[in-house]
1. Please state the relative contact order of the stretch 134-192 as a whole percent: Cα pairs under 8 Å, 6+ residues apart?
2. Can you give me the orientation-averaged projected area of the convex hull built on the Cα atoms of the chain, in nm²?
3. Enter the per residue convex hull volume of the stretch 177-230, computed from alpha-carbon coordinates, in Å³ rounded to the nearest integer.
4. Compute the relative contact order of the stretch 58-142 as a whole-number percentage, counting only Cα pairs closer than 8 Å that sit 6 or more residues apart in sequence.
5. Run the dipole for the stretch 47-162 about the Cα centre, Lys and Arg Cβ at +1, Asp and Glu Cβ at -1, nothing else charged, and hand back the magnitude in debye, nearest 20.
6. According to the Kirkwood expression over distinct Cα-Cα pairs, how big is the hydrodynamic radius of the stretch 15-111, in Å?
7. In the chain, with Lys and Arg counted as +1 and Asp and Glu as -1 at Cβ, which of these residues, 16, 89, 206, has the Cα nearest the positive end of the dipole, that is, farthest along it?
8. To the nearest 10 square angstrom, what accessible area does residue 122 show with a 1.4 Å probe?
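The values are calculated or read from the model by the stated rules, or taken from the named source; none is laboratory data. Model, not experiment: these values are computed from the prediction. FYI the Cβ positions are ideal-geometry reconstructions off the backbone, even for glycines, and counts take in every protein chain you see. Just so you know, the surface numbers come from the protein's heavy atoms only, side chains and all, with ligands and any DNA or RNA stripped out. Shrake-Rupley method; radii C 1.70, N 1.55, O 1.52, S 1.80 Å.
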Amino acid sequence: MALLEVDNLASGYEGVQILWGVNLKLEPGKLTTLVGSNGVGKTTLLKTVMGLMRPLEGSVSFQGREVTNLPAYARAKAGMVLVPEGRQLFTSLSVEDNLRLGAYLQFRRLGRKAVLQRLDRIYELFPPLRDRKRQQAGTLSGGEQQMVSIGRALMAEPRLLMLDEPSMGLAPLVVREIMRTLGRLNRLGMTILLVEQNARSALAICERAYVLETGSIVLTGGGRQLLNDPRVIENYLGGE
């Protein structure tokens, strides 16, 4: 059974339709990539799946249960987490306070000890953050801020981790490190939906991929398969 299933999804903003009949399936424990140019509807798809936007048509199911009409907080409680484009940290708060907020919905059930254990796992995953945990998040580099954003999401121990353009604005070396970290999380069993304009990096680490153009899925296949697809090479890999 698919962990996430998107069926004939249509969505948009203020009467302008952006997505047209999108179908998407995520298998448990797999890393799936969605690639496409700017403005084709990648962020709209994530926001609609997360419940931040209401679909015009179609449905979203998670763990075999339809969640189309559930609010975002209920989907988060069920195990869906989104790392938004642009990181969207609380810049005046410390790194650790930002991370703790990721476990907000579960804090009373977990207790302080469990939260501290989760923090330790985040610091193991992103060692630079341990030395900066008392530092204001807004003073970090772009790469470190992205680590905090991903770490905050992981504090919720999600069943599905969705990321919107995590490589945006980052240096190539940092991008490679972020992609390696996502690959590591996936090997540990985490289900990931990675939305990326950096097609080469994203396709290199995924097991399945979708290509979105003008609001519709136009190609699907394995990551390595699409890396060698002439259409993908021409449109997303610089024609190499």
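1. On the way: 26 pairs, mean separation 22.1, N = 59.
Relative contact order of the stretch 134-192: 37 percent.
2. 12.8
3. 82
4. Reported relative contact order: 34 percent.
5. That gives a dipole near 440 debye.
6. Mean inverse Cα-Cα distance, inverted, gives 15.6 Å.
7. Checking the options against the dipole of the chain, the answer is 89.
8. 10
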